[in-house]
Amino acid sequence: MRIGIWCDYGFTLEPSEGIGVFVDNLVRGLVAAAPDCHVTLKAHPDNLAALEPAVRAGDGRIDVVAESPLRGLDRLTYKLVRGLRKSLGAPDEQQSLRQGCDMALAAWQRRLETDREAERQQIIASCDVWLLPYVSLDQEFSRPTVVAIHDLVTYHFPDMVSPSRLRILKQRVSRVAAAARLVACMSNFIRDHDLIGTLHLPPEKLRVIPPAVPSDLQGDAAVSPEAHLPAGVTAPYLFYPASFRPYKNHAWLVEALALLKRRDGKRWQVVFTGIRHCPAPLRHLISRLGVAADVFVLGKVSREQLQSLYRHAFATVVPSLYEQGSFPAMEALHCGCPAVVSAIPALQEQFAGFGAAMPYLDPADPASLAPIVDRIEADRAGFVADQQHAFHVMQQYTWRDAAVRWLDVLTEAASRS
């Protein structure tokens, strides 16, 4: 079976975090689980290289495709007309020229989009079924689709985006979910709360497939000397690798840091990584609480650097207000780092098998972190041993196992009339 996975959302889903981690691990699981399976990854034309690691791991059964990039005369013509349009000022005598440029650009863009849509449809037709790992997509498919809806966090935290963008997102979600043969998610909570409770999708159309532990990190293997800690970062630090979005609750960890430093002096630091810049309100909070020297915002890091940060951290703390699950918590455990997560339903579901080995913080109360820190510090080796015992059980379910379940869903979707 030829499976397509759509990784083009105006950018290419990269295997560095979030949905990109899911795609990268699933693709590797698919080719391991099914010798007759071929996977096509649809990338954005400007960034095919981001998916090359998966191609190299696929033994010839994974390929990356995209529409043709602008070349030669097309690129030159577009640049010339756009440059001319930008150079025109406001005088009335230039109005007709500006209108001519606008019309030329609009005609060129329509022709380009027509050509690219024809290429996209050829790509779509080359596969038996398509997995859409992110639901916000404006694309028609001539082949059956399965959409993965990880969560509807923007529905529950609408201030994250503008009203117009939220309206477009909701329209796309409704359209893509309705067109899909099947809709999948990774937790029972998201199925019940978001897919049934919010979208009112029929239960018979839904499938739940839990994720496995990300497989690309090397666990207890030695971290290379090149992956040293950034300047100024020293132990003990609390680590939170997550994009800066309101529901990720970074402010909570900054406030918890201030409380710890007030109690313990200058011992503690916090390290953030993620693909987005630190937002102004969070910077102002860091400054107001007097912890600017102890909060490190590293931006996007490589997977090797990420592994080093996990292995040197005192603990990885995930204070999210809403999630379908947490890859960072699993990655931390994989690297032998203590993990602490929010007491929210999806994370309690994900780590139900840990029992008392997984401490849950109150995402509304930064003071709830201090007793957890004290518990870890009192016997860190024992704490890590307890978590690793539970984590060993979690690791028995692999991405190959998850891929078998995804294959069943994709095969079912492809066979439905």
**Request:** Count the lysine pairs in the chain whose Cα atoms lie under 29 Å apart, taking only pairs 8 or more positions apart in sequence or on different chains.
**Result:** 13
**Asked** Taking one equal scatterer on every alpha-carbon of the chain, how large is log10 of I(q)/I(0) by Debye at q = 0.12, 0.14 1/Å?
**Response** -1.06, -1.31
**Fill in**
Net charge near LEU321 (other residues with Cβ under 13 Å of its Cβ; Lys, Arg +1; Asp, Glu -1) is -3
**Message:** Taking the Cα centroid of the stretch 238-309 and of the stretch 103-175, what is the distance between the two, rounded to the nearest whole Å?
**Reply:** 33
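Do any trypsin sites (Lys or Arg not before Pro) in the stretch 336-417 lie in a loop, going by DSSP, with at most 16 other beta-carbon atoms within 10 Å of their beta carbon, and if so which? Don't jump to the answer; show the numbers that get you there.
On the way: sites: ARG375, ARG380, ARG400, ARG405, ARG416; in loops: ARG416.
Passing sites in the stretch 336-417 are ARG416.
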**Message:** What distance in nm lies between label points placed 7 Å from Cα along the C-beta direction at TYR397 and ARG267?
**Reply:** 3.6
**Asked** Can you list the residues, at least 5 places off or on another chain, whose amide H is less than 5 Å from the amide H of PHE157, using H built in the peptide plane?
**Response** none
**Message:** Given axes a ≥ b ≥ c from the Cα gyration tensor, I'd like to know whether the stretch 299-417 is rounded (a/c under 1.5), prolate (a/b larger than b/c) or oblate.
**Reply:** prolate
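Pull out a ≥ b ≥ c, the square roots of the eigenvalues of the alpha-carbon gyration tensor of the stretch 225-394, then state rounded if a/c is under 1.5, prolate if not and a/b is larger than b/c, and oblate in the remaining case. Numbers along the way, then the final one.
Values: a/c = 1.35, a/b = 1.27, b/c = 1.07.
Taking the square roots of the gyration eigenvalues as a ≥ b ≥ c, the stretch 225-394 is rounded.
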**Prompt:** Under unit Cβ charges (Lys, Arg +1; Asp, Glu -1), what dipole magnitude, rounded to 20 debye, does the chain have relative to its Cα centre?
**Reply:** 940
**Item:** Extended-chain gain in nm, criterion 0.36 nm per residue less alpha-carbon gap, GLU412 and ALA125
**Value:** 101.5 nm
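For the chain, what does the helix formula give at 222 nm: sum of -39500 (n - 2.57) over DSSP H segments with n ≥ 4, over the residue count, nearest 500 deg cm²/dmol?
Details: 14 runs with 178 residues, N = 417.
Computed ellipticity for the chain at 222 nm equals -13500 deg cm²/dmol.
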**Complete:** In whole Hz, the Karplus estimates of ³J(HN,Hα) for the stretch 45-62 (6.51, -1.76, 1.60; θ = phi - 60°; x where Gly or Pro) are x, 8, 8, 7, 4, 4, 9, 4, x, 5, 4, 5, 7, x, 6, x, 10, 10
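Summing Lys, Arg as +1 and Asp, Glu as -1, what charge do residues with Cβ under 12 Å from the Cβ of LEU410 carry, LEU410 excluded?
Local charge sum for LEU410: +3.
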**Request:** First select every other residue whose beta carbon is under 15 angstrom from the beta carbon of ARG276; then total the charges, Lys and Arg +1, Asp and Glu -1.
**Result:** +2
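Read-outs throughout are calculated quantities, based only on the coordinates presented, and are distinct from any laboratory measurement. As the structure is a prediction and not an experimental result, all values here were calculated from the model. With ideal geometry, Cβ positions are generated from the backbone for all residues, glycine too; neighbour counts draw on all protein chains shown.
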